[in-house]
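Remarks on the structure that follows.
Laboratory data are not the source of any read-out in this text; all were calculated from the coordinates shown. Predicted model, so just to flag it, every value in this text is computed and none were measured. All Cβ positions, glycine included, derive from the backbone under ideal geometry; neighbour counts span all protein chains shown.
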Amino acid sequence: MSSEAFIEARDLLLRHRRDYAQAVAAFRWPVLDRFNWALDYFDPMAAGNGQPALWIVGEDGRETKLSFADLSARSNQVANFLRGLGVKRGDRILLMLGNVVPLWETMLAAMKLGAVIIPATTLLARADLDDRFTRGRMRHVVAGQSSVANFEGLSGDFTRIVVGGDAPGWRHYEDAYAAPAAFAPEGETRASDPLLLYFTSGTTAQPKLVLHSHQSYPVGHLSTMYWLGLEPGDVHLNISSPGWAKHAWSCFFAPWNAAATVFVFNQARFNAKGLLDTMTRCGVTTFCAPPTVWRMLIQEDLKGWAVKLKEAISAGEPLNPEVIDRVKAAWGLTIRDGYGQTETTAQIGNPPGQPVKAGSMGRPLPGYRVQLLDADGGAREEGEICLSLDPKPLGLMQGYQGDDGAIVPLAGAVYRTGDVAMRDADGYLTYVGRADDVFKASDYRISPFELESVLIEHPAVAEAGVVPSADAIRLAVPKAFIALAPGFQPDRETALSIFQHLRRQLAPFKRIRRLEFAELPKTISGKIRRVELRRNEAAVRAAQSRNEAEFWEEDFPELK
């Protein structure tokens, strides 16, 4: 059976969780035919299992704790409820929820039904939703009460289900709890059937659509489980927002692959002391957070918290050596880095028990064969991170969905990640940067072209180039270099008007936080040279100076 092959592969990684060489040598992706992770693995594992699967704590102290058995039964109820509303195998469900129990119930329920889940952050603006409905071909929506207004006026006939409130034309999610707790699937699920469709920023104005199957994420995250160092009984806290792939990585598949508890601490605004207090009180054993969070945590005296952590992990971008040193001095733990993409599971990492080199994101994880190649396919010690497709790693997506709805399959000998790394003599990889211009700000991937498209909608903006600008807390924030249209002055009034325009048009995580009026460097063909802008901006930030025509969002109290 496919479930037995999956469990054998998982158990091998658990046995060798601190023996990297043996794990890499012995691990093979399980060969799967018919496989539904929720039905074939989660439900049997959850039968009679009273161990906590999901533990949500609010900053007001209120807690919700559900066992594996609870979630198995409740997801059955939700699956029956959704089926009664017309959800069928292959239908696409937009899931737009915060860290609330229905998010996990709906994920499991949709999987059992064979529906395709499209996770969405609650930060999405109306234009983002329009795009998801047009290209994502949505049939159903499950959203929180606070998000209902965002769907007003959207065209198309789709089922509306609201969590935690009332809205005209929307069904109450809570009605699901009256449905039967026994679920019978309609037919079998092929391991290659579609399961998740993610929208991820690319180098074009529109995000790419990444399709994952019933094996690529559920089974593919065995590599993530290994990197995180999870074991049965662990209490795992991952700081990541719903709607992004990392949330599925570390708040769903990887912990439950290890039969560990998913722990969530909900805060309206990040508070380091509140997080540390809760981690200590609740006995969190493994903790994964982006560098932004780690940088905020070290502002506190970490020695004042007797945490029970045995593993500390970071992901998303390189972590400052100072942060690693201060955490080790306080807790005796070395923060371990790793690397992956929405298109994959964890590809590269520093698993437990292995030497960690400062600045390195580690070595290829079990199941992944990594090559560094130049543009012509030549092997290099510094080159683009590429994954061999012979054989294809199980954790790699099925492909990108085109505008016509068809899936563009992977082709060629390798999959190119678009990221560049260096490899040392011991095989450790260090991240260099993007092969294109996409960058990260506050742990979110930003497409310059998308932001530039919004900028030029303002009448004062003739042309614009967006690049990352170094920031002490966020690592980087988007900065725009703007060539003004005739009749506009490079002054505070114009800058304020542009910032106001951006606030109306962009979700908070995409907002441009700095802008500068300048002449844009261009190629002979007229293309803006972002590489030159990035280089100049890095020099200015390194000198801790500001140019005369530079304005920062924080300079405008009117925007508060």
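Projecting the Cα atoms of 451, 468, 291 onto the dipole axis of the chain, where Lys and Arg carry +1 and Asp and Glu carry -1 at the beta carbon, places 291 farthest toward the positive end. With the convex hull drawn over the C-alpha atoms of the chain, the volume per residue is 165 Å³. Computed extension gain for residue 404 through residue 146, at 0.36 nm per residue and net of the alpha carbon distance, reaches 89.7 nm.
Highest mean first, how do 408-414, 324-330 rank when packing is the count of other Cβ atoms within 10 Å averaged over residues?
The most tightly packed comes first, giving 324-330, 408-414.
Each of residue 166 and residue 280 was given a label point 7 Å from its Cα along the Cα-to-Cβ line. The distance between the two points is 4.5 nm. Rounded, prolate or oblate, given the Cα gyration tensor of region 319-388, with a/c below 1.5 counting as rounded? Because a/c hits 1.5 or more and a/b exceeds b/c, region 319-388 counts as prolate. Give the residue from 248, 22, 348 lying farthest towards the positive end of the charge dipole for the chain; charges sit on Cβ (+1 for Lys and Arg, -1 for Asp and Glu) and the dipole is referred to the Cα centre. My answer, from the dipole projection, is 22.
Note on residue 308 and residue 241: with the Förster distance fixed at 22 Å, the Cβ-Cβ geometry gives a FRET efficiency of about 0.30.
Rounded is the label for region 439-559, because a/c, from the alpha-carbon gyration tensor with a ≥ b ≥ c as root eigenvalues, stays below 1.5.
For residue 439, nonlocal amide neighbours, meaning residues 5 or more places apart or on other chains whose placed amide H falls under 5 Å from its own, are 446.
For region 120-127, backbone phi angles converted through the Karplus equation (6.51, -1.76, 1.60; θ = phi - 60°) give residue-by-residue couplings of 9, 6, 6, 7, 4, 7, 4, 4 Hz, Gly and Pro being listed as x. Distance between Cα centroids, region 114-151 to region 479-513: provide it in whole Å. Centre-to-centre (Cα) distance: 27 Å. In percent, rounded to a whole number, the relative contact order of the chain is 12, using alpha-carbon pairs under 8 Å and six or more apart. Does region 68-215 come out rounded, prolate or oblate by the C-alpha gyration tensor, with a ≥ b ≥ c the root eigenvalues, rounded set by a/c under 1.5 and, if not, prolate when a/b is larger than b/c and oblate if not? Oblate, because a/c is 1.5 or more while a/b does not exceed b/c. Each of 56, 512 has some number of other Cβ atoms within 10 Å of its Cβ, and from fewest to most they run 56, 512. Note on residue 190 and residue 15: with the Förster distance fixed at 22 Å, the Cβ-Cβ geometry gives a FRET efficiency of about 0.15. Shown is the FRET efficiency for residue 392 and residue 531, computed with R0 = 30 Å from the Cβ-Cβ distance and rounded to the nearest 0.05: 0.40.
Treating each Cα of region 216-343 as one equal point scatterer and applying the Debye formula with no solvent, the log10 of I(q)/I(0) at q = 0.11, 0.16, 0.21, 0.23 Å⁻¹ comes out as -0.34, -0.75, -1.33, -1.58. Amide H to amide H distances under 5 Å link residue 315 with 289, where only residues 5 or more positions off or on other chains count and H is placed in the peptide plane.
Could you tell me the distance between the Cα centroids of region 354-377 and region 227-267, to the nearest Å? Spelled out, the Cα-based centre of one part sits 23 Å from the other. Here the simple spin-label model places points 7 Å from the Cα toward Cβ, and for residue 547 and residue 8 these points are separated by 6.1 nm. Taking the Cα centre of region 297-403 as reference, the dipole from Cβ charges on Lys and Arg (+1) and Asp and Glu (-1) amounts to some 680 debye. With θ taken as phi - 60° and the Karplus curve 6.51 cos²θ - 1.76 cosθ + 1.60 applied, the whole-hertz 3J(HN,Hα) list for region 318-323 is x, 9, 5, x, 4, 5 Hz, x standing for glycine and proline.
From least to most packed, judged by other beta carbons within 10 angstrom and beginning with the fewest, 372, 97 follow the order 372, 97. For region 45-72 versus region 170-200, the spacing of their alpha-carbon centroids is 20 Å. The charge dipole of the chain, taken about the Cα centre with unit charges on the Cβ atoms of Lys, Arg (+1) and Asp, Glu (-1), comes to about 480 debye, rounded to the nearest 20. Taking Cα centre as origin and charging only the Cβ of basic (Lys, Arg, +1) and acidic (Asp, Glu, -1) residues, the dipole magnitude of region 68-215 rounds to 360 debye.
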